[in-house]
Amino acid sequence: MIEHSFDDEAGLVRALAGEICDRLQDGVVERGRASLVVTGGSTPAPLYDALSVADAPWAKTFVTLTDERWVSPRDPASNERLVRKRLLKGYAARAHFIPLKTDDATPASALEAADARVAAMPRPFDAVLLGIGEDGHVASLFPGNAALKSGLDPVCAQSVVAVEQRGAAGAAHRLSLTLSALTDARWIALILRGESKRRRLRAPGRTPIAALLKQTSVPIEAFWAP
């Protein structure tokens, strides 16, 4: 893993946005289409603002989420809502968005449909953007969760897994990409703010982020600012 440290958020955003745009362009040059997987939360929102006005091949780019809370796309807790509001505007409005949320009542009943959506995207993904939780979770793969058996299986055939995490912010019921899907990528970027997240990155313990860092099939770069 390569770590990049910046003095402030603005420097992080400029560098990471530029890297993502370059990788989308490379994907289009190589196969005519590109794919980007993005995360929820407040940390990446300024990055999405920057990407929305960036000169990238958005009309040929497919975008999906690392995970989704099982709420309405109009709910403030929805990752889809965040991405539509902050990323899929301006130039990036031309991108093809692939939502994980369906009309199914539960994530478990949506597995087949969501898996088919993700499987139809250009693979391997050109860029995957992930954050890290204070507890070491990535996407919606939480430490100790029952979904980790398949969620962290490096050869799992499923692209998505249903998760129930009581007490999780926003919603207990979620859908998450599996580790095997997240690492079916050409490049993974971790976006981090604050000392506690950097400590977790450097001392992951027995957590999902440790499983991600352990794999060697895809390069990972961490972008950190205070």
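Things to note:
- For the stretch 5-45 and the stretch 159-221, distance of Cα centres in Å: 17
- Full extension of the chain between GLU19 and SER42 gives 6.3 nm of extra length, using 0.36 nm per residue less the Cα-Cα distance.
- Listed by chain and number, the aspartates and glutamates placed with their C-alpha closer than 17 angstrom to that of LYS197 are GLU3, ASP7, ASP8, GLU9, GLU134, ASP135, GLU221; residues fewer than eight positions away on the same chain are left out.
- Extension gain, VAL218 to ARG74, is 48.4 nm, computed as 0.36 nm per intervening residue step minus the present C-alpha separation.
- For the stretch 123-128, putting each phi into the Karplus relation 6.51 cos²θ - 1.76 cosθ + 1.60 with θ = phi - 60° gives couplings of 10, x, 4, 6, 8, 10 Hz, in residue order, rounded to whole numbers and with x for Gly and Pro.
- Most mobile of LEU100, LEU190, LEU129 in a GNM of the chain (Cα contacts under 10 Å): LEU190
- Within the chain, helix-based [θ] at 222 nm, where runs of 4 or more DSSP H residues each add -39,500 (n - 2.57), nearest 500: -9000 deg cm²/dmol
- Efficiency of FRET between GLU195 and THR106 - r from beta-carbon atoms, R0 45 angstrom, step 0.05: 0.75
- The structure-derived value of Rg and Dmax of the Cα atoms in Å appears in the list [x] 20.4, 83; [y] 16.0, 45; [z] 17.6, 52 under the label [y].
- GNM result for the chain, Cα springs below 10 Å: residue of GLY144, GLY167, GLY11 fluctuating most strongly: GLY167
- Cut-off under 5 Å, modelled amide H: who pairs with SER140 long-range: LEU177
- Each DSSP beta bridge with both residues in the stretch 2-225 is either parallel or antiparallel, and the antiparallel ones are about 30%.
- For the residue pairs LYS60/LYS101; LYS60/LYS85; LYS60/LYS89; LYS149/LYS214; LYS101/LYS149, alpha carbon separations are all held to 25 Å or less.
Coordinate-derived values only; no laboratory data. The shown structure was predicted, so the numbers you read here are calculated from the model rather than taken from an experiment. Note: ideal-geometry Cβ built from the backbone for every residue, glycine included; neighbour counts use all protein chains shown.
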